[in-house]
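Heads up: the structure comes next, in structure tokens.
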Amino acid sequence: MVSARRSFEGTLAIASLRRLCEALASSDGEVSFELDFGRDSLGTSYVDVRASAPLTLTCQRTLEPFVLPVALQTRLGLIGQESDEAGLSPEYEALLVAGDGRLRPADVIEDELLLVLPLVPVNPDSSLPDEVTDHHPMGDPVGEERSENPFAVLRELKK
């Protein structure tokens, strides 16, 4: 693929990406992708990965599902051993290729989509519930409870 500078494009059902589906609220939709293999001027083998998909996540603020449109573009330097990573240019991410030189494009796409998922998904259109955002006035008994010294109990024990 690298020597022939092959390119592939197409779509994958999100439901076919098992590891990705475990992180999603729904496996509906498709991933559009493009893979371009090649070799740079220094002889480094690479694959350019471009993918986009509407991923359905669970908002951690509201616990409701929402669709996060994801688009990624990355260049992966193909290496045969972990020690080869040190020789890669900084603009490359390393991709360890099996000894037979084969890789599964669906696995590469799935790995890259997993890497762009937010650690804590929050729907940008959501807001906190009123119970959380309400502020109590200074004279409120709730505020008085908070002002008690937490070490008062220890002071009594010391006596």
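Coordinate-derived values only; no laboratory data. Fair warning: this is a prediction, and the values are worked out from it, not measured in the lab. Positions of Cβ are generated from backbone atoms using ideal geometry, with glycine treated the same way; all protein chains shown enter the neighbour counts.
I need the shape label for segment 20-74. Rule: rounded when a/c is under 1.5, else prolate if a/b > b/c, else oblate, with a, b, c from the alpha carbon gyration tensor.
Prolate, because a/c is 1.5 or more and a/b exceeds b/c.
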When the dipole is taken about the Cα centre of segment 49-118, and only Lys, Arg (+1) and Asp, Glu (-1) are charged at their Cβ, what size is it in debye, to the nearest 20?
300
Semi-axis lengths (Å, descending) of the ellipsoid that matches the C-alpha gyration tensor of the chain:
49, 23, 13
Where the only charges are on Cβ atoms (+1 Lys, Arg; -1 Asp, Glu), what is the dipole of the chain about its Cα centre, to the nearest 20 debye?
460
In segment 7-126, taking the dipole from +1 charges on Lys and Arg beta carbons and -1 charges on Asp and Glu beta carbons about the Cα centre, the listed residue (Ala94, Ile79, Cys21) farthest towards the positive end is Cys21
Given labels modelled 7 Å from the Cα in the Cβ direction, how far is it in nm from Ala15 to Ala98?
2.7
Here the percent of antiparallel bridges among DSSP beta bridges lying wholly in the chain, to the nearest 5, is 90
Treating only Lys and Arg (+1) and Asp and Glu (-1) as charged, each at its beta carbon, one finds that segment 27-85 has a dipole about its Cα centre, in Debye to the nearest 20, of 180
